[in-house]
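Peer 1: Provided herewith is a single structure, encoded as structure tokens, for subsequent inquiry.
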Amino acid sequence: MRVFEYTNKGCREENQDYLVYGSLPNGSGIYIVADGMGGYSDGAAASKVVGDALLDYIEMNYTCFEPATLLKKAITFANDALMLKRIALGTSKMGSVIAVLLVSGGYAYLAWLGDSRIYMYRDSEEVYRTEDHSIINALAKTKALTVSDYEKYASVVTKSLMGDATVDVATIHKVKIDTGDVFILCTDGFHKEFDITKALNYTDRQKCTFDSIAPHISDNFSFIKVEI
């Protein structure tokens, strides 16, 4: 597998996106995008705690559980880690949304909470994308959205890690993979501002291009590209 990554603070003062990934036994891999939630305390700290906790748990317990169970337990572990961080900092609210890809045994296992997304491409065609856990997405299923709706709810998610006593772990999506498949994990700052093919076609040679337009992007924007 080949991996490319990019993250930038955009025109914000701080980058609250966090990208992390690692290799696992038998050619498997784990890839994580975490986005600290604006409006709460220490978004950068929240995303880093969550991302590192997910990676640590999966690396330490990879052989102990089947993949879907492993991801669910890792998410609960990350939520507990965020709770401890929140208590240590003495703050009432910290939060992060996540997108997690586990590649193992010829399958991809996808987990997400919030509006960071995972896209899957085969033969350069999009074959899957995750569905945002957001107010906007929920409203779109019942009504025609207005400008006012977007202004009020554009950044409001319905699932996230908040370091609370319990966490709503979403269903894990499992898909068979083939050589040549490509996955894109990205924060909302990327998929709201860019065509996803910008990430699909990304190599390190495009870094300077992204850097040059970053001051004109309204939010942090980040992605991980995984080529199977």
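The values are calculated or read from the model by the stated rules, or taken from the named source; none is laboratory data. What you are looking at is a predicted structure, and each value in this text was computed from that prediction instead of being measured. A quick note on method: Cβ atoms are made from the backbone with ideal geometry, for glycine too, and the neighbour counts reach across all protein chains shown.
Peer 1: Only residues that are surrounded by fewer than 20 Cβ atoms within 10 Å (Cβ to Cβ), in contact (Cβ under 8 Å) with a residue 12 or more places away in the chain and β-branched (Val, Ile, Thr): list them for segment 88-129, please.
Peer 2: THR91 - this is the single residue of segment 88-129 that is surrounded by fewer than 20 Cβ atoms within 10 Å (Cβ to Cβ), in contact (Cβ under 8 Å) with a residue 12 or more places away in the chain and β-branched (Val, Ile, Thr).
Peer 1: Pick from ILE136, ILE58, ILE75: which is closer than 18 Å to LYS159 by Cα and either crowded, with 23+ Cβ neighbours inside 10 Å or touching a Leu at 6+ places or on another chain (Cβ under 6 Å) (or both)?
Peer 2: Being closer than 18 Å to LYS159 by Cα and either crowded, with 23+ Cβ neighbours inside 10 Å or touching a Leu at 6+ places or on another chain (Cβ under 6 Å) (or both) holds for just one of ILE136, ILE58, ILE75, which is ILE75.
Peer 1: I'd like to know if segment 153-168 contains one or more residues that are among the aromatic types (Phe, Trp, Tyr), at pLDDT below 95, outside any strand (DSSP E or B) and loosely packed, with under 15 Cβ neighbours inside 10 Å.
Peer 2: Kept after step one, since they are among the aromatic types (Phe, Trp, Tyr), are these residues of segment 153-168: 153.
Among the residues that remain, those that are also at pLDDT below 95 are: 153.
Now drop any that are not outside any strand (DSSP E or B), which leaves 153.
Those left that are additionally loosely packed, with under 15 Cβ neighbours inside 10 Å: none.
No, segment 153-168 has no match at all.
Peer 1: Mind counting the residues in segment 54-71 that are closer than 18 Å to SER23 by Cβ, of a type outside the set (Val, Ile, Thr), assigned to a helix (DSSP H, G or I) and in contact (Cβ under 8 Å) with a residue 24 or more places away in the chain?
Peer 2: Residues meeting the conditions: 6.
Peer 1: Report whether or not LYS225 is in contact (Cβ under 8 Å) with a residue 60 or more places away in the chain and assigned to a helix (DSSP H, G or I).
Peer 2: No.
Peer 1: Every residue in segment 1-13 that is touching a residue at least 60 places away in the same chain (Cβ under 8 Å) and either of a type outside the set (A, V, I, L, M, F, W, C) or under 23 Å from MET162 (Cβ atoms) (or both), please.
Peer 2: Selection gives ARG2, GLU5, TYR6, THR7, ASN8, LYS9, GLY10, ARG12.
Peer 1: Is one or more of the residues making up segment 211-222 modelled with pLDDT of 95 or more, closer than 30 Å to GLY106 by Cβ and surrounded by 13 or more Cβ atoms within 10 Å (Cβ to Cβ)?
Peer 2: Checked segment 211-222: at least one residue is modelled with pLDDT of 95 or more, closer than 30 Å to GLY106 by Cβ and surrounded by 13 or more Cβ atoms within 10 Å (Cβ to Cβ).
Peer 1: Determine if segment 179-191 includes at least one residue that is modelled with pLDDT of 95 or more and polar (S, T, N, Q).
Peer 2: yes
Peer 1: OK, next. Answer yes or no as to whether ALA34 is closer than 18 Å to LEU185 by Cβ and part of a helix (DSSP H, G or I).
Peer 2: Working: closer than 18 Å to LEU185 by Cβ: yes; part of a helix (DSSP H, G or I): no.
No, not satisfied.
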